[in-house]
Amino acid sequence: MMAIITRLDRICNQDIRQRFGIVPITDKLRGAGLRCYGHMLRAENDSVCKIGFNLGVTGKRPKGRPKQRWMDTLHVDLKTVGTHPDQGHDWTKFRQGISEADQPPNAINAEEEGEDKVRLS
């Protein structure tokens, strides 16, 4: 399956990704972070990742806008996917919630449109 697409066609990246069934990188990163969180939740209490996750840092944060922390991003990602943080212990439910991020959008079959070549340049 190939379609001849050049920069002169001025087709946006989102349309190209949808045509070929490619998931946006933000969805892939969200899924990877949530999988990492699920592994950490199911880890033994004496594992390094669990100890590091529960470790409290003392001291004050510097002035200005606070830096984005992994937990802040994680909570936003969990809300986006619609998964509760406690579902990480139940692997089947948690995996079902995060696997939707890895599913490509409905790809348009280029052969049905009469296109038989793809060239991105």
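The numbers here are math on the coordinates, done by the rules we state, and not lab data. Computed from a prediction, not measured in an experiment: that's the story for all the values here. Cβ: placed from backbone, ideal geometry, glycine included. Neighbour counts: every protein chain shown.
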Between residue 16 and residue 90, the two model label points (7 Å from Cα along the beta-carbon direction) sit apart by a distance in nm of 4.2
Full extension between residue 99 and residue 57 adds, at 0.36 nm per residue less the Cα distance, a length in nm of 11.9 nm
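Report, as a whole number in µm² per second, the diffusion coefficient that Stokes-Einstein gives for region 1-74 at 10 °C and 1.306 mPa s using the Kirkwood radius over alpha carbon pairs.
For the chosen part, D equals 95 µm²/s.
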